[in-house]
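As structure tokens, the structure follows; a few thoughts come after it.
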Amino acid sequence: MTHPRPAEDDRPVLVLGPNPTPNGGMHLGHMAGPYLAGDVYARYQRARGRKVVFSTGTDDSQTFVLASARRLGTDPQELCRTSTELIREALDAMGISVDGFGPFDETYHATVIDYFRELHAAGKFRLRTVRLPYLERTGEFLVEGMVEGECPVCLTTCRGGLCETCCHPNNFDELINPRSTVDPRDVPTVREATILVLPMEEYREQLTAYHEKWAPYWRPHLVQMVRDVLSRPLLDLPITYPLSWGMAAPFPETPGQVLNAWLELIPAGMYTSSYAAARTGRETTPGQLWLPEEDTRIVHFLGFDNAYFFALAHMALLMAHGDRYIRPESVLTNEFYELESEKFSTSKGHVLSVQDILKEVPRDLVRLYLALTAPEYQRTTFTRAGLAKVVGERLAGPWNRLAETLGKAVANAGGDTISLPVSATGRSLAATMLERFDFHYEMPNYSMNRAAEAILAQITRLGRIAATLDGRGLDEEPDAWGDLFLQVRTLLAVSAPILIDLAAAARQAGGFDGVLAPGAFDVPDVVPFAPPLLPVMPDSAGER
Ligand SMILES: [Zn+2]
């Protein structure tokens, strides 16, 4: 089997983060998952000169909004409004470079409805009478985020429809020991309801083929989960639910029902990518960028906890549309991120919001630490002590010593911007750095962990070289200084997707121009410059 070299793939790329649910703000666990990963990836692709559309938006229809609003005793619409503001503020504060954040508006609504109407008109859905948890006291069906119980597959506590631990779906009345998520004393009975479903079994062959094609490039946990789900009978996918919250389903067979909110996310992605493209200067109709003739590739970043929907349910719906739309090529999952070795929990107050950490710690330092410790392959944890140690001892401390040594040499040269020669060895080292970072930032190997680790390693290496030159004039050792300045430029360029404020300051100082074309550092000489410093960690921040 010949593996493609995605590094040579210059097709435009659609980068999608999962639409955050507006039932609260954004904590560091959310941020360390798909949003920072999507941002770093999008920034690298842009630096490589590729057309990128990076988008997201909120998914207001989720039952999790209704459940959270009831627990808080607030109006769900109001919760959506305030949460959306907090989410957008968090994305901005962390520098997440979405080209557009699609509002939950009429175009969103129309795009979703059209997507399902077409499938309905093509006869893709079936009517099924199913047994759903029902709360006699309120006269409501309890599904999805409104109900929890034990997962029938792994026996951990999970919500209706999907287990966030094993990622298997559970259907209808399969939850063991079901209870309300608003008040666990409320134990539902079951009642029959006639809903529309997509018979997933009819897509087994296509799902298997799609999955086997991409499995070599996806992270192992996702591959294992998909194989496990495919090894069992595929559960019917509920298209509608008899609920009061969500988008009204436009089908005559299911009056008063709403669409399954999870399933909005693909047409929502079509809508947000079109919305975001318009912000980059390209007007399209929703879905247009997903047509095969656009020759685009889709890269999806998401938490493992909802990967069943993205990797299987959403794909079956796309397949039900025939060959009309392209399918995601890269589906990158992350695991849970913990806070001080304990799961983030808003209800228990064990939470650290993006805004709160950024009040204490400069953004680049947080971004580097999140990139380094992001839960790409397994559960990892954020610790304040870890953050202080890494950014103090391995990032800001050594970088600033390196930058100061270079700055001093430039100042001692009297401010004349003489250019320094670069040797073949210096060019070769810069090219090796560029190539290695391309491996870390590019699919299928993409890993923020490894890119961040490589940044720290290169700071150490170049710091050692700088220490040997410290005190010597540029005119005394022009070749050695030339090679070092070129490599520092290269390091600033390859760090730019993560250390965004340092990169902006470096651009101002003439450190590099923000472009990472192959061969960018294959130059005969280099103009020395004083590299910007990183902010240091405030003393108190690591000591709580
Ligand atoms: Zn489970």
For the chain, which whole percent of the accessible surface, found with a 1.4 angstrom probe, sits on carbon and sulfur atoms? 50 percent
At the level of C-alpha centres, the distance separating region 87-123 and region 464-542, in angstrom, is 40 Å
Highest-first arrangement of 86-96, 225-235, where packing means the average Cβ count within 10 Å: 86-96, 225-235
Listed by chain and number, the residues whose amide H is under 5 Å from that of Val147, excluding neighbours fewer than 5 places away on the same chain and using placed H, are Gly160, Thr181
Could you work out the local net charge near Pro242, counting Lys and Arg as +1, Asp and Glu as -1, over the other residues with Cβ closer than 10 Å to its Cβ? 0
Explain nothing, just the number: dipole magnitude of the chain about its Cα centre with +1 on each Lys and Arg Cβ and -1 on each Asp and Glu Cβ, in debye rounded to the nearest 20. 460 debye
Once you treat every alpha carbon in region 207-323 as an equal point and sum by Debye, what is log10 I(q)/I(0) at q = 0.17 Å⁻¹? -1.04
Once both label points are put 7 Å beyond Cα along the C-beta direction, the Glu8-Glu212 separation in nm becomes 2.7 nm
Rg and Dmax of region 269-353, Cα atoms, in Å? 17.0, 49
For the charge dipole of region 110-175, defined by +1 on Lys and Arg C-beta atoms and -1 on Asp and Glu C-beta atoms about the Cα centroid, which residue among Cys154, Ile113, Leu132 has the Cα displaced farthest towards the positive pole? Ile113
In debye, nearest 20: dipole of region 126-274 around its Cα centre with unit charges on the Cβ of K, R (+) and D, E (-)? 200 debye
Take each of the peptides 44-51, 177-184, average the number of other beta-carbon atoms within 10 Å over its residues, and list them starting from the highest. 44-51, 177-184
What order, most packed first, do the peptides 340-353, 364-377 have when packing is the mean number of other Cβ atoms within 10 Å of each residue? 364-377, 340-353
Can you list which of the GluC sites (Glu not before Pro) found in region 117-206 are DSSP loop residues with at most 11 other C-beta atoms within 10 Å? Glu136
Taking 8 Å as the Cα distance limit and 6 or more residues as the minimum spacing, I'd like the relative contact order of region 1-158 as a percentage. 24 percent
Residue-wise HN-Hα coupling along region 212-222, computed from phi with Karplus coefficients 6.51, -1.76, 1.60 (Hz; x: Gly, Pro): 5, 5, 9, 3, x, 10, 9, 6, x, 5, 5
Among residues other than Tyr210 whose Cβ falls under 12 Å from its Cβ, what is the net charge (Lys/Arg +1, Asp/Glu -1)? 0
Can you give the relative contact order of the chain as a percent, counting alpha carbon pairs under 8 Å and 6+ residues apart? 17 percent
At 1.4 Å probe size, with every protein chain present, just tell me what the per residue accessible area of region 292-430 comes to in Å². 38 Å²
For region 1-147, what is the accessible area per residue in Å², given a 1.4 Å probe and the full set of protein chains? 40 Å²
Using unit Cβ charges (K, R positive; D, E negative) and no other charged atoms, how large, in debye to the nearest 20, is the dipole of region 1-99 about its Cα centre? 300 debye
Equivalent-ellipsoid semi-axes of region 356-437, from the Cα gyration tensor, Å, largest first: 33, 20, 9
Ala122 versus Leu155, label points 7 Å from Cα toward the beta carbon: distance in nm? 4.2 nm
Of all C-alpha pairs within the chain, those more than 44 angstrom apart amount in percent to 22 percent
For region 89-134, just the Cα set please: Rg and Dmax, both in angstrom. 18.0, 48
Would you pull out the residues with amide H under 5 Å of Thr240's amide H, same chain only if 5 or more places away, H placed 1.01 Å from N? Leu196, Asn260
Cβ under 10 Å from Asp470's Cβ, Asp470 left aside: what net charge do those residues give with Lys, Arg +1 and Asp, Glu -1? +2
Taking 7 Å along the Cα-to-C-beta vector as the label spot, tell me the Thr468-Arg131 distance in nanometres, rounded to one decimal. 7.6 nm
How are the Cα pair distances of region 141-272 distributed, in percent, across 10 Å bins from 0? 11, 35, 38, 15, 1
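Considering Cα pairs under 8 angstrom that are at least six residues apart, work out the relative contact order of region 400-485 and quote it in whole percent.
Computed over region 400-485, the figure is 53 percent.
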Amide hydrogen neighbours beyond the local backbone of Val331, cut-off 5 Å, H modeled: His300
At 222 nm, what helix-only mean residue ellipticity would the chain give, in deg cm²/dmol to the nearest 500, using -39500 (n - 2.57) for each DSSP H run of four or more? -12000 deg cm²/dmol
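The values are calculated or read from the model by the stated rules, or taken from the named source; none is laboratory data. Note that this is a predicted model, so its numbers are computed, not measured. Don't worry about glycine lacking a Cβ; one is built from the backbone with ideal geometry, like all the others, and counts go over all protein chains shown. Accessible surface areas use protein heavy atoms only, side chains included; no ligands, DNA or RNA. Shrake-Rupley method; radii C 1.70, N 1.55, O 1.52, S 1.80 Å.
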